[in-house]
Structures are given as C-alpha cells and as structure tokens.
Amino acid sequence: MSNVVTRFAPSPTGFMHIGNLRTALYSYLVSKSQGGKFILRIEDTDQVRLVEGATDVILDTLKMTGIEYDGEPYVQSERLSIYKEYAEKLIAGGNAYYCFCTQQRLDSLRDENGIGGYDGHCRNLSKDEIEKNLAEGVPYVIRQKMPDEGKTSYTDVVYGEVEIDNSELRDQILIKADGFPTYNFCHVVDDYLMGVTHVVRGNEYLTSTPKYCLLYDAFGWERPTYVHLPLLMGKDENGNVSKLSKRHGAVSFQDLVNDGYLPEAIVNYIALLGWCPKDSNQEFFTMDELKSAFSIDGLSKSPAVFDYEKLKWFNAEYIKKMPDDKYEEKALPILDEFCENYINTKKLASLLHTRISYFGEIRKSIDFVTSRLEMDSSFYTNKKNKTTPENCKEVLVDCLPILEAVENWDNDTLFAVLKEYSASKEKKAGAVMWAVRIAVGRQIITPGGATELMEVFGKAESIARIKQAVEELE
Ligand code: GLU
C-alpha cells in the first residue's frame, strides 16, 4: 500500500445527492488508483441538520456502487473530547481564544441585513478575566485567532493557486457553546489524525481552505494536498446551466435507482463528469478499470453538466449487456404487476430487453398490452408493404380461421403459418405481418413483430383483438 489516504466525509442530512456521490467516487479513485487507503467519516456534529436514517442511506449507497471504504467508518459525534483537547492546544499556543460574548452583543454587530463579522472583542481578555468567567460558568465558544495582516495561499490540484488576504478572515468559531466542534475545525483535526494526504471535496470549500491551512500551520502539521471538484450543473429550460437541483430531474442516487437506473451505469456516467482518461476515448468502465485508468491530472475544472439523455444512453447499454436472468429479475416483477395473467410476461420482457433505457420505462411502454388502445385505420397504410386498410382487412379475415386452428401458440409456429398463408395467396409476407401486427398491437411502433406480439398476448386475446380490428374496419 502507498501512503495515500483519502476520505469521504458526508454529513448525514438525508439523501445522497449525485454530486456527493461523484465526490465519493473521485476521492475513492484518487486513493485506489495509487494503491492507497480510503476512509469514511460521518460528519454529524451539526445536530440541527441531522436526519434519522441518513447514515444508512450513505452506507447503502456506497455498498451498491462498490465504493469500498477501509476499516470502520469514523463518527465525529463519538470524538468530541478529541476536538476539545486540540482546541485547548491551540489556545495554549496563542492561536485560539475563549469568547464569552453574548448572543445579544453579537447581534448588535450586524446591520439590518444581518451582515457584519465578529470584532475580536475577546481576543485580548486578561488571564484573570478568562479564569473568572470559566469559574463562573459563563457560556463560551472557542475562536480561531486569524492573523491581522499578510496573505495565506495554497495550491489546489484542480484550480491552481488560491490566495486570500488574512484581513478578510474572520475569527471563526472552532467549538460552539454546546461543546460541539464546527465543521471548520473538526474536519481539520480528523484529516490530520486520520493521516489524510489528499482532501478531495466539492469546490464550495475552495475559498475557506486558507483558514484550514492556517489551522494546520498553527498546529505545526504538514498541510494535505487539496483537490477541489467543480460543481455538477444541470441544463435549464432556457439553455443556461445552474447548480444541479431537483428541477433538472432526479438528483439523488436512490431516486435514480428507483426509476430503474443501474448503479454500475450511474457510476460509469458520473465518473466521466469532470474526469476523462488520458490518451483514450474509452467510455465504458467497470470499477476496476476506473481504478487503473484514473489519474488526478485527468480532472477538469470546468463545471460538468449532468445530461440525463446521456445517462439514459449509458443505462440502456448496461441493460442490453445484462444476462437474461439478471434482467428478468428486475423486469418481470414490473410486468407481472401490471399485466393480466394471460400475458406471456417472460416473452414480453425479452422483447423489451434491447428497447428500454431504464426499468421505469417498462411501465410506459406497455400501455398497448395493458389496454386495447384507441386506434386509427390509417395505421394500416404502409407504403413499403403496399398495405391499405382495405387489403389489411382482407388479410385479417382470411387469417382468422387459420390462426384459430393453431395449437402450438408460439412465435415459430405462428410465423410459419402466416408465411405459408402469404405464399399461398402470393402476398408479400411483410404486408401480411403488417396487417396482423397493427391489428394485435393497435399502435404503429411495437416492440417485436406480429407473431412475437401474438405469442405475448396468447391465443384468446390475439384472436379477440383481430376480430375487433375486422369489425372496426367494416
Ligand atoms: N461534511 C462536509 C460536506 O458534506 C464534508 C466536506 C469535506 O469533504 O471536507 O460537505
């Protein structure tokens, strides 16, 4: 194992946004492409935002996508004493201080728009004052003491040099009045203690990272390598792009899975949203292939646009490649739920195998099976086969007794029977098939040909549909 350590540090706030999943994937790949370690850390110190069951969602998602963390997950709420200890070290070193300001005083520092930072009031309290307040149990927070002048900079792997004037940095809170640490503090302590070498996360932290760098410096720790990832965007109706959100479509991993997208296809697609392989146009990747192809310098800083059509395309390809039994495991329950008993759902499933792009599409594509659709006699007209409503009716009338005599109601037999009929009447087989397919399917485009559809519907329903068609043509 190399010494590379990365982590995924989600806050358990409900669902797994697809952008978060991409962060997890890239963090995993940064490590695994170099034979390193990948850890999971649940960042649950913001008690207000906690959502019951959210940690399970994270664990399930990682499991389903094959993003495997090493060891047991860390949970920040179980590590509170550690953060307190490190905050006190900072105080002792003069890089942090107790702040006893009341909420009222803090509120008075803000203008009517709620804008206004902390004024450093407690920076220089005397030792006596501090001890007296502590002894009296006056509530306090611990703040980071930011340098008044100078600049802090670091080099991000994706974005390059990031520099900020220290005068712009507020004395941020490290430990809150309830004793819980802020994200700003505890993630730094944890990243250090857990040996994280590469911090991979969303770019919303790009400009606050100088504050974190100052914490590393104050402790005398070596700073990690920062890899900030561009936002995932969605296409708006007006052609612009904006941060990927619900109005663009499903944004949680679970919602996509519920719609019938395959975890492997989702992972494959999002792997390419901000990264591309060097010297190849390869689009299809298993997780193992990603691990060997991935490299940090293939990351891009331009915002990636999540394209639902492209995801559909990937998913369709993955569905096509599914072995029949795996495919049926997913398709049959849907078909069995909506189709009458006489429908041959196994056959129907196989007709749909190459035609759907996600499993949720099955329901939409079987209306013609679950009901006899309204149809128009113009459907019988087809130039190539020279069919018209009139000649189709003739064919249907001819075929009814022939079909009624068929005993083995399967595609091969039915095909042979209709072929024989067309030969005997010197008709084009295509024309006969067209007439029967329209009569049975009652829509112009159907998955499968006339005889496949008849096998799906079974003898009684197929014949009933043809009889109805003849009546309608009269
Ligand atoms: N808990 C933070 C979040 O979910 C993690 C940020 C980080 O990776 O440092 O946004």
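Computed quantities for the displayed model
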{"item": "Protein accessible area in region 1-104, 1.4 Å probe - carbon and sulfur %", "result": "48 percent"}
{"item": "Charged-residue dipole, Cβ positions (Lys, Arg, Asp, Glu), the chain about Cα centre, Debye nearest 20", "result": "800 debye"}
{"item": "Value of relative contact order over region 130-197, rounded to a whole percent, pairs C-alpha under 8 Å and six or more apart", "result": "29 percent"}
{"item": "Point-charge dipole on Cβ atoms (K/R +1, D/E -1) for region 296-437, about Cα centre, debye to 20", "result": "620 debye"}
{"item": "Rg ratio (alpha-carbon, reference 2.2 N^0.38 Å) - region 76-225", "result": "1.08"}
{"item": "Neighbour count of at most 10 Cβ within 10 Å plus DSSP loop: longest trypsin sites (Lys or Arg not before Pro)-free window in the chain", "result": "1-277"}
{"item": "Cα gyration tensor shape for region 176-277, rounded if a/c is under 1.5, else prolate or oblate", "result": "prolate"}
{"item": "Volume per residue that the Cα convex hull of region 312-388 spans, once the total is divided by residue count, Å³", "result": "132 Å³"}
{"item": "Relative contact order (%) - criterion: Cα under 8 Å, at least six apart; region: region 36-149", "result": "27 percent"}
{"item": "Contact order relative to length of the chain, as percent, for alpha carbon pairs under 8 angstrom and 6 or more apart", "result": "12 percent"}
{"item": "Surrounding net charge for Tyr74, when Lys and Arg each add one and Asp and Glu each subtract one, Cβ distance under 10 Å", "result": "-1"}
{"item": "Eligible aspartates and glutamates near Lys459 by straight Cα distance, threshold 12 Å, same-chain separation 8 or greater", "result": "Glu404, Glu407, Asp410"}
{"item": "Cα centroid separation, region 268-282 to region 1-35 (Å)", "result": "17 Å"}
{"item": "nm² value of the averaged projected area, convex hull over the Cα atoms of region 251-353", "result": "7.9 nm²"}
{"item": "Dimensions (Å) - region 402-474, Cα atoms, principal axes, largest first", "result": "26, 24, 23"}
{"item": "Accessible surface of region 126-210 [probe 1.4 Å, protein heavy atoms]: carbon and sulfur percent", "result": "49 percent"}
{"item": "With Cα atoms, 0 to 90° folded angle of helix 411-424 axis to the chain main axis", "result": "40 degrees"}
{"item": "Per DSSP, loop GluC sites (Glu not before Pro) in region 313-414 with at most 11 further Cβ within 10 Å", "result": "Glu340, Glu374, Glu407"}
{"item": "Accessible-area composition of region 308-418, carbon plus sulfur, in percent [1.4 Å probe]", "result": "50 percent"}
{"item": "Overall form of the chain per C-alpha gyration tensor (a/c, 1.5; a/b vs b/c)", "result": "prolate"}
{"item": "Bridge type composition, the chain - antiparallel percent by DSSP, nearest 5", "result": "55 percent"}
{"item": "Helix-only CD estimate at 222 nm, as mean residue ellipticity for the chain, using -39500 (n - 2.57) per DSSP H run (n ≥ 4)", "result": "-13500 deg cm²/dmol"}
{"item": "Rounded if a/c under 1.5, otherwise prolate or oblate - region 357-424, Cα gyration tensor axes", "result": "oblate"}
{"item": "Isolated Cys residues of the chain, judged by Cβ distance under 4.7 Å to other cysteines", "result": "Cys101, Cys186, Cys213, Cys276, Cys339, Cys392, Cys399"}
{"item": "Per residue solvent-accessible surface (Å²) - the chain, probe of 1.4 Å", "result": "49 Å²"}
{"item": "Phi-based couplings in Hz for region 197-210 (Karplus 6.51, -1.76, 1.60; Gly and Pro marked x)", "result": "9, 10, 8, 10, 6, x, 6, 5, 9, 3, 8, 8, 4, x"}
{"item": "Straight-distance crosslink candidates among aspartates and glutamates, where the alpha carbon sits under 15 Å from Lys320 and sequence neighbours closer than 8 are dropped", "result": "Glu264, Glu328, Glu329, Glu361"}
{"item": "Residue pairs, from the table Lys32/Lys211; Lys127/Lys151; Lys246/Lys364; Lys321/Lys346, whose Cα atoms sit over 25 Å apart", "result": "Lys32/Lys211; Lys127/Lys151"}
{"item": "Sparse-neighbour loop sites [GluC sites (Glu not before Pro); region 76-178; at most 14 other C-beta within 10 Å; DSSP]", "result": "Glu112, Glu136, Glu149"}
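The values are calculated or read from the model by the stated rules, or taken from the named source; none is laboratory data. What you are looking at is a predicted structure, and each value in this text was computed from that prediction instead of being measured. FYI the Cβ positions are ideal-geometry reconstructions off the backbone, even for glycines, and counts take in every protein chain you see. Ligands, DNA and RNA are stripped out before the accessible areas are found, and what is left, the full protein with its side chains, is counted by its heavy atoms. Shrake-Rupley method; radii C 1.70, N 1.55, O 1.52, S 1.80 Å.
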